[in-house]
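Participant: Before I ask anything, here is the structure I am working with.
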Amino acid sequence: MTDVAIDLDLAPPDSPWRVFRRQMRRSPLAIAGGVVLAVFYLLALFAPFVAPYTQEEMDRDRYFHPPQGLHWFGPDGVHLRPFVYDTTLADAGAFHYAEDSAAIRPVRFFVRGGAYELLGFIPMDRHLFGVDAPARIYLLGSDSFGRDVFSRLLFGGQISLTVGLVGILISFTLGLLLGGVSGYLGGFTDTTIMRGTELLLSIPSLYLIVAMRNVIPIDLPSQQVYLGIVAILAFIGWASLARVIRGLVLTIRKSEFVTAAEALGYSRTRIITRHILPNTMSYVIVAATLSIPSYILGEVVLSFIGVGVQEPSASWGNMLNQARSIRALTSFPWLLYVPGTAIFLTVMAFNFLGDGLRDALDPRRTSGGRA
């Protein structure tokens, strides 16, 4: 008899987390999208500290001030810290400002300014950067009320960025539960829920959003308007997910582990929440990442047409609203480019991240072996 040598030196299979990381590293666009979103959300979280001014603070001497560039070289040579030149209004009709090369305003860090509460409960009056009063620094220009566009962009991100996260959290919770119950129970329950989703999906989303927004009084405080917009977007967002989850559940409920759970006498609620829905998480994570941009754009549309977040509170939508006139588009283009670029980068970053997550969490990809 011939001895057969068996090679037992086999590499153990990689864990799901290592497979996920390896697949994500193969998608540089997804990583770049995640980095951009992390930076945006951190800036929004610490907006009162990073912004040199509050979102309502006005400068009546500097309407439509163009963006200022930071300088290191002045008439007297190289400076150790960046600075801006003081400006004066040279042409009031055209809002043309002239720089005074003799008035150098160095940029200082951790300066005192308007009081605020960091993270909602830490009282502070320090800001990341600024210049000595009465001078002002406008990195991205000022708007028609003399408010700093950069500061309003950061504060607006607190609304425009979080509305997607909160809306997804609510709508996907509803979609998961209703889709799971519909797919698992079937019968009359399934018919009732699915007919409701089809009715909701048959109405064009934009018209439904505007119609529901008109139910909310226009003169409510911005915080209540924000909650109303979140509720509207969440209400119209759960239906499509519920239909997909129902289809997944119809397949999963025939699995052996579900049959075993039923044989052990587990309740239907436990089977749905502990055994069926967790097996849909890979799809839900990807779907949520790809759906957040639609929520952000929904808030932008409402604020842009004047029925969303109201002045003086900032959102990217009502910042775009200031660029609706022909004069603003031709003479003050930063009013359009600044919020428009932020919206574009956010939507693209979410799409890139969602595509990367979809590839990394695809169960059809090989999960064993080493790269």
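Participant: Please verify whether the stretch 255-270 includes one or more residues that are touching an Asp or Glu at 6+ places or on another chain (Cβ under 8 Å) and either at pLDDT 85 or above or not acidic (D, E) (or both).
Facilitator: So far as the stretch 255-270 goes, no, none of its residues is touching an Asp or Glu at 6+ places or on another chain (Cβ under 8 Å) and either at pLDDT 85 or above or not acidic (D, E) (or both).
Participant: Let me ask something else. Which condition breaks for T173 when tested against (1) closer than 18 Å to Y295 by Cα; (2) surrounded by 15 or more Cβ atoms within 10 Å (Cβ to Cβ)?
Facilitator: Going through (1) closer than 18 Å to Y295 by Cα; (2) surrounded by 15 or more Cβ atoms within 10 Å (Cβ to Cβ) one by one, T173 breaks only (2).
Participant: In the list L139, L161, which residue meets the criterion of being of a type outside the set (D, E), at pLDDT 85 or above, surrounded by fewer than 21 Cβ atoms within 10 Å (Cβ to Cβ) and under 29 Å from G308 (Cα atoms)?
Facilitator: So the residue among L139, L161 that is of a type outside the set (D, E), at pLDDT 85 or above, surrounded by fewer than 21 Cβ atoms within 10 Å (Cβ to Cβ) and under 29 Å from G308 (Cα atoms) is L139.
Participant: For the stretch 322-346, name all the residues that are part of a helix (DSSP H, G or I) and either touching a helix residue (DSSP H, G or I) at 6+ places or on another chain (Cβ under 8 Å) or surrounded by 22 or more Cβ atoms within 10 Å (Cβ to Cβ) (or both).
Facilitator: Result: A328, L329, W334, L335, L336, V338, P339, G340, A342, I343, L345, T346.
Participant: Looking only at the stretch 309-321, which residues are in a loop (DSSP other than H, G, I, E, B) and open to solvent by 40 Å² or more (accessible area, probe 1.4 Å)?
Facilitator: Q310, E311, P312
Participant: Just wondering, is there one or more residues in the stretch 90-101 that are modelled with pLDDT of 80 or more and open to solvent by less than 20 Å² (accessible area, probe 1.4 Å)?
Facilitator: no
Participant: Sticking with this one: How many residues are without any contact (Cβ under 8 Å) to a residue 40 or more places away in the chain, of a type in the set (G, A, S) and buried (at least 16 other Cβ atoms within 10 Å of the Cβ) if we restrict to the stretch 103-136?
Facilitator: The number of residues fulfilling the criteria is 0.
Residues checked against (1) over 24 Å from the mean Cα position of the chain (by Cα); (2) buried (at least 18 other Cβ atoms within 10 Å of the Cβ); (3) not small (G, A, S):
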{"site": "R195", "(1), (2), (3)": "yes, no, yes"}
{"site": "L199", "(1), (2), (3)": "yes, no, yes"}
{"site": "S202", "(1), (2), (3)": "yes, no, no"}
{"site": "I209", "(1), (2), (3)": "no, yes, yes"}
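Participant: Just to be sure I understand, how many residues within the stretch 255-287 are more than 30 Å from I31 (Cα to Cα) and open to solvent by 30 Å² or more (accessible area, probe 1.4 Å)?
Facilitator: Final tally of qualifying residues: 17.
Participant: Still on this structure, I have one more. Looking at the stretch 233-268, which of its residues are without any contact (Cβ under 8 Å) to a residue 60 or more places away in the chain, not in a helix (DSSP H, G or I) and not small (G, A, S)?
Facilitator: K254, L264, Y266, listed by residue number.
Participant: Given the condition under 17 Å from G141 (Cα atoms) and among the polar types (S, T, N, Q), answer yes or no: does some residue in the stretch 86-93 qualify?
Facilitator: Scanning the stretch 86-93, I find at least one residue that is under 17 Å from G141 (Cα atoms) and among the polar types (S, T, N, Q), so the answer is yes.
Participant: Moving on to the next point. Which condition does G356 not pass, out of (1) under 25 Å from A30 (Cβ atoms); (2) open to solvent by 20 Å² or more (accessible area, probe 1.4 Å), if it passes all the others?
Facilitator: Here G356 clears every test but (2).
Participant: Continuing with the same structure: Of these, F83, F73, which one is open to solvent by 50 Å² or more (accessible area, probe 1.4 Å) and more than 30 Å from N318 (Cβ to Cβ)?
Facilitator: One residue alone meets the criteria, F73.
Participant: Go through (1) open to solvent by 60 Å² or more (accessible area, probe 1.4 Å); (2) farther than 21 Å from L199 by Cα for I252 and report which single condition fails.
Facilitator: (1)
Participant: Within the bounds of the stretch 94-108, is there any residue that is within 24 Å of P333 (Cα to Cα) and out of contact with any strand residue (DSSP E or B) (no Cβ under 8 Å at 6 or more places or on another chain)?
Facilitator: yes
Participant: Taking the condition of being open to solvent by less than 50 Å² (accessible area, probe 1.4 Å) and over 19 Å from T346 (Cα atoms), how many residues in the stretch 288-308 meet it?
Facilitator: So the count comes out to 3.
The values are calculated or read from the model by the stated rules, or taken from the named source; none is laboratory data. Quick caveat, the model's predicted, so the values are computed rather than measured. Don't worry about glycine lacking a Cβ; one is built from the backbone with ideal geometry, like all the others, and counts go over all protein chains shown. The area values use the complete protein model at the heavy-atom level, side chains included, leaving out ligands, DNA and RNA. Shrake-Rupley method; radii C 1.70, N 1.55, O 1.52, S 1.80 Å.
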